[in-house]
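Shown next, in structure tokens, is the structure this report addresses.
The values are calculated or read from the model by the stated rules, or taken from the named source; none is laboratory data. Because the structure is predicted, anything quoted here is derived from the model rather than measured. FYI the Cβ positions are ideal-geometry reconstructions off the backbone, even for glycines, and counts take in every protein chain you see. We work out accessible area using only protein heavy atoms, side chains counted, and drop any ligands, DNA or RNA first. Shrake-Rupley method; radii C 1.70, N 1.55, O 1.52, S 1.80 Å.
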Amino acid sequence: MIKLEPRGERSATMAYLSPVLAALLTMLTGLLLFTLLNVDPVEALITILYVPISDTHGIAELCVKTAPILLCAIGLSVVFKAKIWNIGAEGQLLMGGLFGSYIALQLIEAEGFWVLPIVLIAGILGGMFWSGIAAILKVRFHTNEILTTIMMNYIALNILLWAVHGPLKDPEGFNFPESALFGDSALLPVLIEGTRVHFGMALALFAVVAVWVLMSRSFYGFQIKVMGMDAGAARLSGFKEKRLTYFALLLSGGLAGLAGVGEVTGPIGQLIPQISPGYGYAAIIVAFLGRLHPLGILLASLLMALLYMGGEMAQISLGLPLALTGLFQGMLLFYLLACDVLISFRIRLKPRKVKTSTPLTPLASETRG
Amino acid sequence: MKQHSPPPRLSLRGITKQYPGCLANDDVHLDIAPAEIHALLGENGAGKSTLMKVIYGLVKPDRGEVLWDGLPIEVKDPAQARKMGIGMVFQHFSLFETLTVTENIALALGDDAGALDQLAEKIRTVSEKYGMTINPEREIHTLSVGERQRVEIVRCLVQNIKLLILDEPTSVLTPQEVDSLFITLRQLASEGCSILFISHKLNEVKALCHNATVLRAGRVSGECVPAEEDTTSMAKLMVGDDTPVSTTYPKKLGSTPLLCISDLNLHSDDPFGVHLKHINLTVNAGEIVGIAGVAGNGQEELLASLSGEHLCPDGKTITFAEDAVADLPPDQRRRWGLGFVPEERLGRGAVPEMSLTENALLTGFLSGLLSKGMVAWKKAETFADQIIDQYRVKAAGRHAQADSLSGGNLQKFIIGREIMQNPKILIAAHPTWGVDIGAATAIHKALITLRDQGAAILVVSEDIDELFLISDRIGAICNGALSPVKPTPESSIQELGRMMAGDFSQSAHEGSATL
């Protein structure tokens, strides 16, 4: 019988090393995998991890991919600190894209500096609307947010598909499921001439700093952390649990919505059915890989963006399936969780106990909640 | 049958158990003869629990051996221990609330239970024989804590028992219930059963036990015959020489009401909770009022309505110096000047994984540690340092995590944190529960000092000795109702015990509650 035994003391260094260890183990397993697939493992790793960013164009594309992942993940770090498990960043991102697109299409002829902010705010509100539903369900009816947010991801995707096949379809688009191209005023300005790096990356970096300040300096952030670690202590100190729940969920939804509207007004420029290759889900891995810390999340989202690009690159130049991206994401999360468990517990192999009629007893009679 | 002479029934030889970061038992020797009532004395954390888990097969010692009737034996698990005739009554009962007494005992016995009606009959016979009448048909949630303990003891007695281990059995009983428990135990011992009585209450050990083994920091610090010792010498064995063991404090009575509860009724949402019934209480400035009671008689509900975790629709039910507060949330009551020390240190009083600085901020945020919504971390650190310094909290520093502190030190930190915010009213639940004697004395002194500065203090505790020591007025809560509150010198342990059992009848003045 395998038994996990607590190690007694937690090592802070190991807690930070765990994501690094997970990344290394993922790479090692990748090497093994490529060998088994008869692909030169070293070449494959170079293709995935280095080739995509070997020139300035590549680095620029990395930033383009990082922005939405980073925005979603930094928002998730706040809710996750509150131990609210918002799995719905993907749906909130899609709703942000949809709301933003709707406004952008209404203002397609409009010109002026005010158009873009309105479009962006619409996107943020779209994400907040979507996470707000989960928040109301959680606060009012104690619904499990993991279930509601996952289910709402599918609803969001289907609403988006309906919109892009129906009301928002470009009337002059030869019946392709795409909206019209947005007006120039509704597009995010490019930050570096000649690349696709757009203003969304700057917004994402700003969000990182803002969340950093919120969580480490503000009393609101402190209350969110206390609520997540110890709801009883938060209640006794008079922290407003419901208000904090709304705040955290709306914040993460809003940032995911911003990620979505940033995609449609940035690299894409119109509403299409595939505005996200699962950025909202990848952000969950990123948030944990970055230890819910802004700096860690920044690094982890760069790595995740690289994996997206590397997966595509491996498909193009090595003929490997695109599922590789998902596989690497999965391995990363798996190894991270395994490392975390083994950091706090050691494995003991115990001989099976002789069968005894061990009677059934509850842990202790806790008569009161 | 058995020879009642040479080999002890149970003999522990050099038991050593190392936990990560803690040597729980260090070369412990212990002998219990048949028919002997043996006390295992020690403070919380002295290693008593580990030792009894070794005997009961729950913990495997690293070194040392266990002899049973003179023969070396390895107790592999509790099932084997029960087969050998060892019975154990834990401090926290393991009973299913919604099942009957018989069903619970049948579950505990496993395959040996036999037919339920025969078992019920046996339970009835055994419980009557030992003067602990219980009705086998009743469901556990309808029983009082004392009755539940009887179920646990009877569960051991329906088997062929040779050694009964009781872990802090009196902590949940009224003084009268304690007396009747002792009668049962003496009868049991006279029939040849050995009893290991684990306690930190010296008076009870003196009254009941033939021999005592005292543990301190995992080691045997002494053995004695309790009847021949006085409590001070035994206390010294328990805590060491350098700790003061007894003090008394002058009693005071205040006259200006600060905290008033008038006709507080509360319907508990918990199906097994206690409803509060017509609670009236006044705590004056400059006095400590103590509320005794057996756990689970409405203390938690009362404390939750005082802290603000449970709100009452009518604000005037609870007033702080005539300001209606019963409908205000905890932070607004704190803003008024309420300090609150909850029962759970880790979990409500402090966040286990947070540093002491952060835990200082947890309730200290109202005393100038914030500016414009931002935390003034420098001030919070200074505040934490002051608490650590003034209340002699042993910790690695303000960066230490709350759960790295011992219970006593964390409690000193929490009490210090509340007192240093100069509360006008302080409510403390079980302030010295599980705390070593040195820390308990420090906590009592801090409470007395705060009282002398004019604060109104309400202490809810299960420890009667503590309440008599520090309270100026005293009362008891039973089944959600509060007894009349009397000046402590006019009350007695017997009277308080009666009140804890729900008998509020009184010879004299009724008006003492609002003196």
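Quick notes
- Once the mean of 1/r is taken over each pair of separate Cα atoms and inverted, the range B:1-112 shows a Kirkwood hydrodynamic radius of 15.6 Å.
- For the range B:273-349 and the range A:5-72, distance of Cα centres in Å: 54 Å
- For the range B:384-515, the convex hull drawn through the C-alpha positions has a volume of 117 cubic angstrom per residue.
- Compared with the dominant Cα axis of chain B, that is its longest principal axis, helix B:377-390 is turned about 60°.
- Taken per residue, the accessible surface of chain A reaches 48 Å², heavy atoms only and a 1.4 Å probe.
- Ellipticity estimate at 222 nm from DSSP helix runs (n ≥ 4, -39,500 (n - 2.57)) divided over chain A, nearest 500: -22500 deg cm²/dmol
- Set of lysines with alpha-carbon distance to B:Lys122 below 26 Å, sequence-local pairs under 8 removed: B:Lys2, B:Lys83, B:Lys162
- Working note: Cα gyration tensor of the protein assembly as shown, eigenvalues times five, square-rooted, sorted largest first, giving semi-axes of 60, 35, 25 Å.
- Fully extended contour minus Cα-Cα distance, from B:Gln386 to B:His278, at 0.36 nm per residue: 34.8 nm
- Note: relative contact order over chain B, using C-alpha pairs below 8 Å and six or more positions apart, is 15 percent.
- Where only alpha carbons of the range A:62-318 are counted, the Rg and the Dmax (Å): 18.1, 62
- With a simple spin-label model that places each label point 7 Å from the Cα along the Cα-to-Cβ direction, the separation between A:Asn175 and B:Lys378 comes to 7.1 nm.
- Each of the chymotrypsin sites (Phe, Trp or Tyr not before Pro) that DSSP puts in a loop and that has at most 16 other Cβ atoms within 10 Å breaks chain A; the longest unbroken stretch is A:175-369.
- Span-like helix ranges in chain A, DSSP H, alpha carbon extent 18 angstrom or more, Kyte mean at least -1.0: A:12-36, A:56-81, A:89-106, A:115-141, A:145-165, A:199-217, A:241-263, A:294-318, A:323-344
- Solvent-accessible surface ranking, highest first, for B:His430, B:His278 at 1.4 angstrom: B:His278, B:His430
- Across the range A:62-318, Cα pairs under 8 Å and at least six residues apart give a relative contact order of 40 percent.
- Across B:Cys260, A:Cys339, the residue with the most accessible area heads the list, and the full order at a 1.4 Å probe is B:Cys260, A:Cys339.
- Put the Cα centre of the range A:173-243 next to the Cα centre of the range B:350-381 and the gap is 26 Å.
- The relative contact order of the range B:346-421 comes to 40 percent, based on Cα pairs under 8 Å that sit 6 or more residues apart.
- Only Cα sites of the range B:10-239 enter the Debye sum here, all with the same form factor; the resulting log10 I(q)/I(0) across q = 0.11, 0.12, 0.13, 0.17 1/Å is -0.54, -0.65, -0.76, -1.26, listed in q order.
- Counting 0.36 nm for each residue step from B:Asp62 to B:Thr125 and taking away their Cα separation leaves a gain of 18.5 nm.
- Extension reserve of the B:Asp69-B:Lys445 stretch, reckoned as 0.36 nm per residue once the Cα distance is removed: 130.5 nm
- Chain B pair-distance distribution - Cα-Cα, 10 Å bins, rounded %: 4, 17, 26, 26, 18, 8, 1, 0, 0
- Chain B contacts chain A over a buried accessible area of about 3400 Å², both sides summed; the probe is 1.4 Å and only protein chains count.
- Hydrodynamic radius (Kirkwood) for the range B:121-161, which is based on Cα pairs only, to one decimal in Å: 10.2 Å
- Loop GluC sites (Glu not before Pro), the range B:72-145, which have at most 14 other Cβ atoms in a 10 Å radius of their Cβ (DSSP): B:Glu74, B:Glu137
- Shape call, the range A:1-157: gyration tensor on alpha carbons, a/c limit 1.5: oblate
- Considered as an equivalent ellipsoid built on the Cα gyration tensor, the range A:65-159 has semi-axes of 27, 14, 11 Å, the largest given first.
- The ellipsoid that matches the Cα gyration tensor of the range A:20-87 has semi-axes, each √(5λ) in whole angstrom, of 30, 19, 8, with the longest given first.
- Residues listed by number, the range A:191-208, amide nitrogen under 18 Å from A:Asp55 label point at 7 Å toward C-beta: A:192-197
- Working note: Cα atoms of the range B:72-157, range along each principal axis, descending, whole Å: 41, 27, 25.
- Distance between the 7 Å Cα→Cβ label points at B:Leu311 and A:Leu4: 3.9 nm.
- If the convex hull is drawn through the Cα atoms of the range B:327-401, its volume per residue in Å³: 109 Å³
- Coil-residue GluC sites (Glu not before Pro) of the range B:186-258, DSSP, other Cβ within 10 Å capped at 13: B:Glu191
- Taking the C-alpha atoms only, the angle from helix B:145-157 to the longest principal axis of chain B is near 20 degrees.
- Cα gyration tensor category, rounded, prolate or oblate, for the range A:225-282 with a/c compared to 1.5: prolate
- Mean projected area in nm² (Cα convex hull; one quarter of hull surface) for the range B:114-272: 15.3 nm²
- Relative to the compact-globule estimate of 2.2 N^0.38 Å, the Cα radius of gyration of the range A:239-338 comes out at 1.26.
- If R0 is taken as 30 Å, the Cβ-Cβ distance between A:Leu147 and A:Leu342 corresponds to a FRET efficiency of 0.50.
- Two-site label geometry, B:Thr248 and A:Gln315: point separation in nm, points 7 Å out along Cα→Cβ: 8.7 nm
- Near B:Phe468, once Lys and Arg are set to +1 and Asp and Glu to -1 for all other residues with Cβ below 14 Å from its Cβ, the sum equals -3.
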